[in-house]
1. Tell me, how many Å apart are the Cα centres for region A:469-488 and for region A:19-97?
2. In Å, what is the Rg of the alpha-carbon atoms in region A:377-423, and how long is Dmax?
3. For q = 0.11, 0.14, 0.20 Å⁻¹, what log10 I(q)/I(0) does region A:189-288 give under the Debye formula with an equal point scatterer on each alpha carbon and no solvent?
4. Once the Cα atoms of helix A:377-390 and of chain A are each reduced to a long axis, what angle between those two axes, in degrees from 0 to 90 to the nearest 10, is obtained?
5. Let me know the mean shielding of B:28-35 by other chains, meaning the per-residue number of their Cβ atoms within 10 Å of its Cβ.
6. With the cut-off at 1.5 for a/c, could you classify the protein assembly as shown from its C-alpha gyration tensor as rounded, prolate or oblate?
7. Show me the ranking of peptides A:482-490, A:457-465, A:91-99, A:391-399 by mean Cβ neighbours inside 10 Å, starting with the highest.
8. Largest first and to the nearest Å, give the Cα extent of region A:419-503 along each principal axis.
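What follows is calculated from the coordinates using simple rules that are stated; it is not laboratory data. These numbers were taken from a predicted model, which means no experiment stands behind them. Because the Cβ atoms are built from the backbone with ideal geometry, glycine has one as well, and the counts that use them run over all protein chains shown.
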């Protein structure tokens, strides 16, 4: 039995300290030592199914817990059974004989649900492969990051869930192996995992971003690309208002030529002080992708500019001294982020995984975001900064870019997306300022979505309005996987029920 | 001579305030490339100016067979006040740690 109980009923607090499960009973799912991955996940999935049946009999709701990273509290439920998956973290190479005709197995890996993004990245890089995008941090479990649509700022890529090729999901009624209609793994392989195969595009698109509402994910088949190098450029520059127009039009080359290298960048990120965003220098980060070579000069994560979401130290000061917010934020931007390497510095390189960091929260975190159509950036951005600053928002504002992401409930649903993040120290005033931004965008008729894992104050009506037909399709897929309302309720919580995902 | 007394009192007070503030410092030791599990914590009370130490509970973490990722040592405000009020005879500190999930070799599916 790879599930063990951890201690007595008690409190559990998530990684960023934004939510606490009261009277939670904790269990841990652990990897075994089966020689083949398919045998290992068959044993684990069977145990998870038995555990779910026990939880249902005990009238307890369940929550899968990876790294407990999401500040939006979608992993929080009280009087429930929590299943920690962090020690269910083996990864397995997939052989060409195990995939269907026409599927290239070279880049595929079978990943247990508790493996961190960092672990998956390391395992791929050891094989000469790489993830093609991920979030700024790499301390989430891969399954958890996918479940909420985590993303980075690779201009031509979507979310991290785009890497998924197949998912194993366990419900009280069955163990399901979900793939796109074209199929990925052979029937023999799926049968060996103890699963029933479901090859269906809508089900797969729902399972790519399940928010922990469709069952317990036990394993994923993850895709990759050949390993590549990135050259980072990071600098503080005053950004001209006109440059927003270039970004909105997708002219990243022009933006890069003006503020970094005269090359096409693969990653562009702009962190601005919402108090006078065009008068105070913004922190710019560019990544330029290059073919892999083994003899590149190694750099530390800090030299590669990792940890760029670590601004969480000045909350109390910002709250107590509102008149100094602009200057304090600027000071924090200078202190809190890696300075350089700038254009004139000796170039440094790293793999995709080397440029990520497992940050440790140092203060209570607030983070929220809005994802808008990139074309709206030029007129929406200044408006957003003005409203946010006027109402006392005490975080920097980050702009990132990405393509449309896969998954029915992916927030990046525009053809080209600009994601505007409000990440920093938590305060009631900052949360209120973010709410005012949302109100203002609605009043201006600017379409936007919000990140599932962040503190974005969503509700069921808003989710239904934002995602429209895709939300209806997601619910239809959920009802196919979980036809029994009691089983749907088993995966519910106050937060998920409030979003309309589990009721 | 009165001012000398006041100056010494002020100096003593400043020393206490400094000790109180510095006592909150967070000593953090971490391995590179961590694979952390949940944070666990315990309170250790140093007694008799460090001659003896007593933990409120034994150092037991249910999943430490792969070692620890990081350890933090700090005192809360209340713990520092206890230390100051007892002239350092009692010095409670909080120790938190995160166990390592383990790095398992790549297998075959």
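1. Using only Cα atoms, the two centres lie 21 Å from each other.
2. Final numbers for Rg and Dmax: 12.5, 36 Å.
3. So the normalised log intensities are -0.60, -0.73, -0.95.
4. 80 degrees
5. That average works out to 4.
6. Note, shape of the protein assembly as shown comes out oblate.
7. A:391-399, A:91-99, A:482-490, A:457-465
8. 42, 27, 18
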